[in-house]
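First up is the structure itself, then whatever we jot down about it.
The values are calculated or read from the model by the stated rules, or taken from the named source; none is laboratory data. Here the structure is a predicted model, which is why all the values come from computation and not from measurement. Positions of Cβ are backbone-derived with ideal geometry, glycine not excepted, and every protein chain shown enters the neighbour counts.
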């Protein structure tokens with residue numbers, strides 16, 4: 001054992017004192033570690049921007065349970081027959097090969113915030129200096145009486161793109177003329193506010209194309225109004241007259257429950273029977289966010305609007321559907337936007353790079369019928385309380401068909417752009 | 001400064017702004033009138049030659065492509081000396097790698113190749129950064145090519161890459177005078193790349209990579225003051241200041257298309 005002389009002790013102490021004043025990145029033995037849980041629109045974007053802009057100064061790991069990612073956005077277009085399933089499914093290969101991200105294909109089971117480690121389902125540990133939590137949503141099956149994970153095999157929710165989306169499409173394609181569809185729409189807040197109503201449009205498009213004039217679509221909604229309502233209802237009247245009946249709570253009086261064995265949806269007013277029943281239940285932040293103690297009573301995660309940093313842990317950032325993003329809707333576009341702010345803040349923490357004032361944006365396009373696209377969007381900036389809208393727009397009723405076609409074509413261009421931005425090109 | 005003098009300066013500035021807005025509106029109105037007149041002409045086939053009709057079709061191109069004496073590279077390359085030119089070879093213009101590759105494979109612009117390109121640019125050269133859907137009607141393409149043959153004979157000017165003299169200095173002039181912060185622009189651009197691909201590929205959303213600074217700034221201001229009508233772009237630009245616009249222009253101008 002080497003004897004510690006007074007002189008060498010002094011040197012060590014000096015080094016220790018200096019390290020306290022130095023930025024984090026110079027203190028760490030190896031490269032600082034940024035770890036991302038969840039490879040969706042938010043998480044994969046965060047990983048890519050950390051690796052792309054962090055260059056050689058950061059060690060970036062992306063933890064994702066699935067080997068490919070099927071986007072929720074445009075999954076309604078798959079249901080409507082406009083897109084193939086393959087065209088909305090993306091691999092993580094480029095993130096690994098072109099950006100040097102370590103992609104861990106596994107399930108994060110727990111976060112040990114004191115040790116700063118993600119504990120995987122197989123017991124292995126992934127240490128981090130900064131962690132991005134982007135698990136998306138979990139469904140609260142019990143929010144609709146009679147509904148459950150098992151019942152979702154009969155009455156699909158299809159609110160997480162994947163096998164559920166394929167199940168819904170196969171059930172839709174198997175319907176015959178005169179058979180009905182019932183949708184139980186979700187209560188606020190939920191992923192993709194216009195999504196249920198775009199989906200109803202796609203249902204109607206498929207039935208209409210087959211000439212199923214005797215079939216009906218009933219939408220049982222716990223909300224008194226919904227996103228882009230005037231635009232959807234105008235479009236439904238124009239393209240699918242008499243096919244779609246939407247009922248808010250003032251009409252149906254309350255949703256009592258569903259019965260998967262009979263395909264019934266019971267409300268105070270009446271019982272609706274569907275040969276296809278699509279139940280979209282209430283939602284909360286993905287399980288890992290709750291287990292890590294990042295959620296509040298709402299079931300979602302409070303964040304600092306200036307950086308997306310968790311209000312519960314300064315080393316953790318929560319982005320996408322799992323966070324409470326003020327005026328921003330839960331959407332893939334929002335998650336992608338939030339990811340860039342979080343990645344910038346993390347690089348600032350770990351590598352001392354420049355941090356600019358946060359800016360956020362979102363646009364949601366919806367397709368009502370072939371070449372009849374509409375959009376809603378806004379820009380956002382942080383205030384002390386929340387991420388607040390600073391300007392917004394929405395498509396207008398009565399727009400001409402050429403504009404609606406351009407809006408749809410724009411949405412296809414956006415899909416190509418955002419998926420390149422999320423998964424790399 | 002005396003308060004009176006200050007008030008006078010401010011009110012003069014306000015008057016200047018109103019005047020330039022008026023100018024823009026007048027120009028826009030004139031443009032509409034010209035287009036209407038041209039449409040009127042094309043409606044009467046007997047009185048219009050192929051080249052005259054082609055000149056009218058060319059209005060779709062001229063926002064990006066200059067031609068004639070002193071033509072310069074802008075958002076798109078200038079067209080002087082177009083016929084017989086190998087694709088993607090004009091000195092100083094930032095072409096997509098896809099178009100350069102076509103040139104290396106021997107693509108030369110002539111009546112046949114232009115006809116194919118103009119019908120569906122992204123079909124003929126996948127990966128081109130020309131954000132134009134195409135001319136579906138064979139007659140429109142033939143007329144345009146006739147017009148181009150007549151109008152592009154001038155040899156390219158030596159000054160093709162010099163900054164264009166500003167025809168409309170009133171819009172975006174303050175932003176154009178700034179030195180944009182490229183790093184800030186790169187951060188701001190994270191909002192743009194969600195739709196406009198960094199590779200410069202135009203896949204249904206216009207390519208904005210490698211644009212000349214002033215053209216970029218003018219386009220954003222035209223959205224800001226509603227001369228251009230896309231709602232997403234109007235919303236993106238409504239709160240943008242000169243520094244932000246200059247930073248974005250500097251960043252996008254620094255990029256090379258892939």
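Of the strands (runs of 3 or more DSSP E) lying entirely inside the range A:57-167, the ones with 3 or more residues being within 30 Å of residue A:266 (Cα to Cα) are found at A:137-140.
The lone criterion from (1) away from chain A (no Cβ under 14 Å); (2) closer than 19 Å to residue B:128 by Cα; (3) in a loop (DSSP other than H, G, I, E, B) left unmet by residue B:205 is number (1). Looking at A:323, A:301, just one residue is without any contact (Cβ under 8 Å) to a residue 60 or more places away in the chain and buried (at least 24 other Cβ atoms within 10 Å of the Cβ), and that residue is A:323. The numbered conditions (1) part of a loop (DSSP other than H, G, I, E, B); (2) on the phi < 0 side of the Ramachandran plot; (3) surrounded by fewer than 20 Cβ atoms within 10 Å (Cβ to Cβ) are all true for residue B:71 except (3). The residues of the range B:183-200 that are within 8 Å of chain A (Cβ to nearest Cβ), closer than 26 Å to residue A:365 by Cα and either buried (at least 20 other Cβ atoms within 10 Å of the Cβ) or in contact (Cβ under 8 Å) with a residue 24 or more places away in the chain (or both), listed by number, are B:187, B:188, B:190, B:191, B:194, B:195, B:196, B:197, B:198, B:199.
Here is a yes/no grid of residues against (1) under 26 Å from residue A:42 (Cβ atoms); (2) touching a helix residue (DSSP H, G or I) at 6+ places or on another chain (Cβ under 9 Å):
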{"residue": "A:129", "(1), (2)": "yes, yes"}
{"residue": "A:139", "(1), (2)": "yes, yes"}
{"residue": "A:142", "(1), (2)": "no, no"}
{"residue": "A:152", "(1), (2)": "yes, yes"}
{"residue": "A:169", "(1), (2)": "yes, yes"}
{"residue": "A:176", "(1), (2)": "no, no"}
{"residue": "A:183", "(1), (2)": "no, yes"}
{"residue": "A:187", "(1), (2)": "yes, yes"}
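What about residue A:378, is it at the interface with chain B (Cβ under 9 Å from one of its Cβ atoms), in contact with a strand residue (DSSP E or B) (Cβ under 8 Å, 6 or more places away or on another chain) and buried (at least 17 other Cβ atoms within 10 Å of the Cβ)? Here the answer is yes, as residue A:378 does meet what is asked. Filtered by the rule that a residue be at pLDDT 80 or above and surrounded by fewer than 18 Cβ atoms within 10 Å (Cβ to Cβ), the range B:149-164 gives B:149, B:150, B:153.
Taking residue A:394 and the conditions (1) within 11 Å of chain B (Cβ to nearest Cβ); (2) surrounded by fewer than 24 Cβ atoms within 10 Å (Cβ to Cβ); (3) without any contact (Cβ under 8 Å) to a residue 40 or more places away in the chain, which numbered condition does it fall short on, given that it satisfies the others? So the condition that residue A:394 fails would be (3). Might you check whether a residue that is touching a residue at least 12 places away in the same chain (Cβ under 8 Å), surrounded by fewer than 21 Cβ atoms within 10 Å (Cβ to Cβ), over 20 Å from the mean Cα position of the chain (by Cα) and assigned by TED's automatic domain parsing to the domain that holds residue A:56 occurs anywhere in the range A:363-370? The answer is yes; a qualifying residue exists. Counting only residues that are farther than 23 Å from residue A:227 by Cα and more than 7 Å from chain B (Cβ to nearest Cβ), which one in the range A:403-425 is farthest from the chain's Cα centre (by Cα)? The extreme case among them is A:424. Do we have any residue at all in the range A:347-367 that's under 29 Å from residue B:202 (Cα atoms), more than 8 Å from chain B (Cβ to nearest Cβ) and out of contact with any strand residue (DSSP E or B) (no Cβ under 7 Å at 6 or more places or on another chain)? Within the range A:347-367, not a single residue is under 29 Å from residue B:202 (Cα atoms), more than 8 Å from chain B (Cβ to nearest Cβ) and out of contact with any strand residue (DSSP E or B) (no Cβ under 7 Å at 6 or more places or on another chain). From the list B:112, B:146, exactly one residue is exposed (fewer than 14 other Cβ atoms within 10 Å of the Cβ), at pLDDT 90 or above and out of contact with any strand residue (DSSP E or B) (no Cβ under 9 Å at 6 or more places or on another chain). Which is it? So the residue among B:112, B:146 that is exposed (fewer than 14 other Cβ atoms within 10 Å of the Cβ), at pLDDT 90 or above and out of contact with any strand residue (DSSP E or B) (no Cβ under 9 Å at 6 or more places or on another chain) is B:112. Do we find that residue A:4 is part of a loop (DSSP other than H, G, I, E, B), at pLDDT below 95 and either outside the structural domain of residue A:371 (by TED's automatic domain parsing) or surrounded by 12 or more Cβ atoms within 10 Å (Cβ to Cβ) (or both) in this structure? Yes.
Checked against (1) within 11 Å of chain B (Cβ to nearest Cβ); (2) surrounded by fewer than 22 Cβ atoms within 10 Å (Cβ to Cβ); (3) closer than 30 Å to residue A:292 by Cβ, residue A:341 meets all criteria but (2). Selection over the range A:56-86 of residues that are without any contact (Cβ under 8 Å) to a residue 12 or more places away in the chain and under 18 Å from residue A:205 (Cβ atoms) gives a count of 2. Pairs meeting the criteria (first residue in the range A:107-132 and over 12 Å from residue A:288 (Cβ atoms), second residue modelled with pLDDT under 95, beta carbons under 8 Å, at least 6 apart or on different chains) are A:129/A:24; A:129/A:28. Residues in the range A:77-133 that are under 25 Å from residue A:53 (Cα atoms), touching a strand residue (DSSP E or B) at 6+ places or on another chain (Cβ under 7 Å) and surrounded by 15 or more Cβ atoms within 10 Å (Cβ to Cβ): 18 in all.
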